[in-house]
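Here's the structure we're looking at; comments come further down.
The values are calculated or read from the model by the stated rules, or taken from the named source; none is laboratory data. Not measured: the values here are computed from a predicted model. Heads up, the Cβs are rebuilt from the backbone with ideal geometry, glycines too, and the neighbour counts pull from every protein chain shown. Accessible surface areas use protein heavy atoms only, side chains included; no ligands, DNA or RNA. Shrake-Rupley method; radii C 1.70, N 1.55, O 1.52, S 1.80 Å.
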Amino acid sequence: QVQFVESGGGLVQPGGSLTLSCAASGSIFSRNIMAWYRQAPGKQRELVAAKARNGDTNLHETVKGRFAISRDGAKNTVYLQMNSLKPEDTAVYYCNTLPARRDGWGQGTQVTVSS
């Protein structure tokens, strides 16, 4: 099973910032588009951001201008910098490849935006 280890979630007030990290195995990281997904209570999981090895980036419409995705090849790690957080960003955030690997879903990291 592929292992992605997400970290960095927490409780933050509206307007605050968080940076999520995801460590992946080297072979998976180097050969794939890496992505962040999220699932809010009662909703389907959705793609938030993705970044290819060549730098091409895709962001969900609702996070453009607020979130940024980056990847560090030396550390086999993908990051999600989240700024100007809103209550509607509350969700469990997961990393995986794009397209997602069925065996790549980990426990995720909870992000709660609340005053």
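What longest range of the chain stays clear of loop-exposed trypsin sites (Lys or Arg not before Pro) (DSSP non-H/G/I/E/B, at most 15 other C-beta within 10 angstrom)?
Values: sites that count: Lys43, Arg53, Lys64, Arg66, Lys75, Arg101.
In the chain, the maximal stretch lacking such sites is 1-42.
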task: Express in Å², to the nearest 10, the accessible area of Val5 obtained by rolling a 1.4 Å probe over the protein heavy atoms while all chains stay in place.
output: 80
statement: Partner lysines whose C-alpha sits under 30 Å from that of Lys75, ignoring same-chain residues fewer than 8 away, are Lys51, Lys64, Lys86
- request: Quick one: pull the percent of accessible area on the chain belonging to carbon and sulfur, 1.4 Å probe, ligands and nucleic acids left out.
  value: 46
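Can you give me the relative contact order of the chain as a percent, contacts being Cα pairs under 8 Å and 6 or more apart? Intermediate values should be presented prior to the final figure.
On the way: 269 pairs, mean separation 43.6, N = 115.
Contact order relative to length: 38 percent.
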field: Value of relative contact order over the stretch 66-114, rounded to a whole percent, pairs C-alpha under 8 Å and six or more apart
entry: 32
task: Obtain the nm distance between the two label points defined at Arg53 and Gln1 by a simple spin-label model: each point lies 7 Å from its Cα along the Cα-to-C-beta direction.
output: 2.7
message: Students often get this wrong: which residues of the stretch 75-115 have the backbone nitrogen under 20 Å from the point 7 angstrom along Cα-to-C-beta of Gln13?
response: 82-91, 111-115
message: I need the phi-derived Karplus couplings for the stretch 66-75: 6.51 cos²θ - 1.76 cosθ + 1.60, θ = phi - 60°, integer Hz, Gly and Pro marked x.
response: 10, 10, 9, 10, 9, 9, 10, x, 5, 10
message: Can you tell me which of Pro87, Pro14, Pro41 moves the most in a GNM of the chain? Springs connect C-alpha atoms under 10 Å apart.
response: Pro41
message: Under 10 Å, Cα contacts only: if you run a Gaussian network model on the chain, which one of Ser27, Ser70, Ser17 comes out with the highest mean-square fluctuation?
response: Ser27
statement: With every protein chain kept in place and a 1.4 Å probe, the chain has an accessible area per residue in Å² of 53
- line: Whole-Hz Karplus couplings 3J(HN,Hα) for the stretch 30-42, θ = phi - 60° and coefficients 6.51, -1.76, 1.60, Gly and Pro as x, run 6, 9, 10, 5, 9, 9, 10, 10, 9, 9, 8, x, x
task: Would you mind counting up the charge near Ile28? Only other residues with Cβ under 15 Å from its Cβ, with Lys and Arg at +1 and Asp and Glu at -1.
output: +4
- prompt: For the residue pair Glu88 and Arg101, what label-to-label distance in nm results when each label sits 7 Å from Cα along the Cα-to-beta-carbon direction?
  reply: 3.3
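Counting alpha carbon pairs within less than 8 Å and at least 6 residues apart, what relative contact order, in whole percent, applies to the stretch 40-83?
Details: 41 pairs, mean separation 11.9, N = 44.
Here the relative contact order equals 27 percent.
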